[in-house]
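The values are calculated or read from the model by the stated rules, or taken from the named source; none is laboratory data. Note that the structure is predicted; figures quoted are calculated from it, not measured. With ligands, DNA and RNA removed, areas are computed over all heavy atoms of the protein, side chains included. Shrake-Rupley method; radii C 1.70, N 1.55, O 1.52, S 1.80 Å.
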Amino acid sequence: KILAEETGQADTAYSIDQLLRLKKYHDLFLPALNEYSYLLGLLCLNMIKMINPGMLILSGSVIENSPYILDRVKQVIREGSADIPFSNTTLVAGKLAEEAGLRGAIAMALQVIFESEMASAKQERRRK
């Protein structure tokens, strides 16, 4: 409601970057963005510590439309991993948007199909 009055546009969805440009209202939403970024950063940091992936891809409309949150997540990871000796993990925002889930499911199905065929072929070779 406050933003609608400020901009003169009712029922408009605002991107996070648009909200960040309205500095007058930072105290309304910036604490929530910072907490979200911090918690997401901790989740990513724990994943990095456990499996040390070469790349983490964060997907979803919030991440894909807000460089602010991605930068804050990277900052949390940098601060939390300063004393840990492991390879650097690249953190990027996904570009597939709504197709990510479908493509991921297809990739997993293909992986299962081809892994089972490869395992069968290996067992055949061992028997010979």
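Brief remarks follow.
- Near the amide H of LEU91, within less than 5 Å, lie the amide hydrogens of LEU56, all on another chain or at least 5 residues away, with H placed in the peptide plane.
- Rounded if a/c under 1.5, otherwise prolate or oblate - the range 55-106, Cα gyration tensor axes: oblate
- 1.4 Å probe accessible area per residue over the range 31-110, in Å²: 66 Å²
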